[in-house]
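The values are calculated or read from the model by the stated rules, or taken from the named source; none is laboratory data. Note that this is a predicted model, so its numbers are computed, not measured. All Cβ positions, even for glycine, are placed from backbone atoms using ideal geometry, and neighbour counts span all protein chains on display. Accessible surface is based on the protein model in full, side chains and every heavy atom, while ligands, DNA and RNA are left aside. Shrake-Rupley method; radii C 1.70, N 1.55, O 1.52, S 1.80 Å.
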Amino acid sequence: MRLSRVELFENIRRDVRLDPQISLRTLATKYGVHRRTVRQAMASAIPPPRKSGQRQFRILDPAIHWIDAMLRADLKAPRKQKHTVERIHKCLADEHDFDAASYSTLRNYVRKRRPEIVAEDREGRQHLEGMVPQDHLPGEEAEVDFADVWVRVAGEAVKCHLFTLRLSHSGKAVHRVFLCTIEGA
């Protein structure tokens, strides 16, 4: 079972406490780590954070603006006319004389970048929060609706008509239920 870095540092520091004369090489061999790791463990009980692998130069840097332009054009294009990675790769080679990037590098970039461009486009078209105030004078406007309802009277289901009137100014509503007089309805 492999130790976590915190446990590894703890074990190295314990061994140094038990035997202050133990050499870095002996500890490195015992735990199967580099001597630099033993020095880090002796300096601090908390392992240093891992470095992120940020590259200084990417092979696609000269062509990123062309690729992004193609992906932005795809936002308004029909599905069958959108750029595939293969079409982008061919277009970069033919039109822009750029063939330094491999197909897989381009594919990985497009896979990451396409959803970002879609999100950027949607962000610009989001609806704004707000409302349109409506002002209705008293008694000027109302909404009316009819519906069929079933009412249970003395344990028997009876079909009735529901009349609803809602006043636009106050929002108050009036409901009236009428018995259906048509036979067989």
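Just checking, how many residues over the range 86-111 are under 18 Å from R58 (Cα atoms), open to solvent by less than 70 Å² (accessible area, probe 1.4 Å) and part of a helix (DSSP H, G or I)?
As a first pass, look at the range 86-111 and keep what is under 18 Å from R58 (Cα atoms): 88-89, 92-93, 96-111.
Applying the additional criterion that residues be open to solvent by less than 70 Å² (accessible area, probe 1.4 Å) yields 88-89, 92-93, 96, 98, 100-102, 104-106, 109-110.
Those still in the list that are part of a helix (DSSP H, G or I) too: 88-89, 92-93, 104-106, 109-110.
Count: 9.
Across the range 1-59, what is the number of residues that are of a type in the set (F, W, Y) and within 30 Å of L106 (Cα to Cα)?
1
Which one of D135, D94, D145, D121 is of a type in the set (D, E, K, R), within 29 Å of K76 (Cβ to Cβ) and without any contact (Cβ under 8 Å) to a residue 40 or more places away in the chain? Can you show your working first?
Values: D135 fails: within 29 Å of K76 (Cβ to Cβ); D145 fails: within 29 Å of K76 (Cβ to Cβ); D121 fails: without any contact (Cβ under 8 Å) to a residue 40 or more places away in the chain.
It is D94.
What about P47, is it of a type outside the set (A, V, I, L, M, F, W, C) and either at pLDDT 95 or above or over 19 Å from R113 (Cβ atoms) (or both)?
Here the answer is yes, as P47 does meet what is asked.
Here is a list: L128, L60. Which entry is at pLDDT below 90, among the hydrophobic types (A, V, I, L, M, F, W, C) and in contact with a helix residue (DSSP H, G or I) (Cβ under 6 Å, 6 or more places away or on another chain)? Give the steps one after another, and end with the answer.
Details: L128 fails: in contact with a helix residue (DSSP H, G or I) (Cβ under 6 Å, 6 or more places away or on another chain).
After applying the criteria, what remains is L60.
Scan the range 71-85 for residues that are surrounded by fewer than 17 Cβ atoms within 10 Å (Cβ to Cβ) and not charged (D, E, K, R) and jot them down.
Hits for the range 71-85 are A73, L75, A77, P78, Q81, T84.
Restricting to the range 152-184, and then to whatever is of a type in the set (A, V, I, L, M) and more than 49 Å from the chain's Cα centre (by Cα), can you tell me which residue is nearest to P133 (Cα to Cα)?
Going through the qualifying residues, I end up with V177.
I need the full set of residues from the range 2-26 which are open to solvent by less than 70 Å² (accessible area, probe 1.4 Å) and touching a helix residue (DSSP H, G or I) at 6+ places or on another chain (Cβ under 8 Å), in order please.
Result: L8, F9, N11, I12, D15, V16, I22, L24.
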